[in-house]
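The structure appears below as structure tokens.
The values are calculated or read from the model by the stated rules, or taken from the named source; none is laboratory data. Because the structure is a prediction, the values reported are computed rather than measured. Here the Cβ is made from the backbone with ideal geometry for all residues, glycine too, and neighbour counts use every protein chain on show. These accessible areas exclude ligands, DNA and RNA; they are computed on the full protein's heavy atoms, side chains included. Shrake-Rupley method; radii C 1.70, N 1.55, O 1.52, S 1.80 Å.
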Amino acid sequence: MIKVLIVMALLGYVAMKLFGSNKSKSGRRKRKSPPLKISSPSDYVAHSKQHYLTTENERKFYAAMQEVVPDEYVIHSQVSLMALVKPVNFRDNSKTWAKRMDFVITDKMTRVLVVIELDDSTHNWKKRIARDKYVNSALDGHHKLLRFQTQRHYKPSEIASILESETEIRCLEDTNNHAVA
């Protein structure tokens, strides 16, 4: 009888080593990971590489801002609206999460000072008008929003003037009056 118990214990030990145990060394049960789902070819979506976060015109505006915004501030591009405001009701998140703001200027501690949108001709489209109304409403009372019309060339001094008159940002005084193309 003792031989049978010893053989059974040995077989149990060998089986545990071969097939693993559902308990860790601490005696707690291990949580099984869900099996890795291998997607089917129909789940594949082709992607193309984006070289810049911004459009060519947004890069021109960014360059003009860099000339007048001191190093004590940080210019961020393509910031999610959800990083700036969150709907009170979770069910409304989908209205906000996919929207991006062209630029946000913060202090070094990332406190938001101003949100900037460049408005080109697409902002006259019906869907863009509705989107802009939503963005205006979402930011209203929370963050200052400045809208600039797109231009072929941007004058850093004009951007500085607007930033200083509309926000607490103090721009560099010795800015060239040339346009950034």
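So that you can scan it fast, the table gives a plain yes or no per residue for (1) within 21 Å of residue 53 (Cβ to Cβ); (2) open to solvent by 80 Å² or more (accessible area, probe 1.4 Å):
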| position | (1), (2) |
| --- | --- |
| 110 | yes, yes |
| 115 | yes, no |
| 129 | no, no |
| 133 | no, yes |
| 139 | yes, no |
| 145 | yes, no |
| 165 | no, yes |
| 169 | no, no |
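On inspection, residue 57 does not qualify as surrounded by fewer than 14 Cβ atoms within 10 Å (Cβ to Cβ) and either more than 22 Å from residue 166 (Cα to Cα) or in contact (Cβ under 8 Å) with a residue 60 or more places away in the chain (or both). Just one of the listed residues (96, 150) is of a type in the set (Val, Ile, Thr), farther than 16 Å from residue 58 by Cα and touching a helix residue (DSSP H, G or I) at 6+ places or on another chain (Cβ under 9 Å), and it is 96.
Would you be able to say whether some residue in region 118-133 is over 20 Å from residue 65 (Cβ atoms), among the aliphatic types (A, V, I, L, M) and modelled with pLDDT of 95 or more? Looking for residues that are over 20 Å from residue 65 (Cβ atoms), among the aliphatic types (A, V, I, L, M) and modelled with pLDDT of 95 or more, one finds none in region 118-133, hence no.
When 97, 125 are screened for being open to solvent by 60 Å² or more (accessible area, probe 1.4 Å) and under 17 Å from the mean Cα position of the chain (by Cα), only 97 passes.
Counting the residues of region 135-161 that are of a type in the set (D, E, K, R), in a helix (DSSP H, G or I) and in contact with a Lys or Arg (Cβ under 9 Å, 6 or more places away or on another chain) gives 0.
Taking the numbered list (1) polar (S, T, N, Q); (2) under 24 Å from the mean Cα position of the chain (by Cα); (3) at pLDDT below 95 in turn, residue 176 passes all entries but (2). Inside region 60-83, can you point out the residues that are open to solvent by less than 20 Å² (accessible area, probe 1.4 Å) and either touching a strand residue (DSSP E or B) at 6+ places or on another chain (Cβ under 9 Å) or among the hydrophobic types (A, V, I, L, M, F, W, C) (or both)? 61, 64, 65, 68, 69, 81 - these are the residues of region 60-83 that are open to solvent by less than 20 Å² (accessible area, probe 1.4 Å) and either touching a strand residue (DSSP E or B) at 6+ places or on another chain (Cβ under 9 Å) or among the hydrophobic types (A, V, I, L, M, F, W, C) (or both). Checked against the criteria, residue 159 does not count as open to solvent by 60 Å² or more (accessible area, probe 1.4 Å) and farther than 15 Å from residue 74 by Cα.
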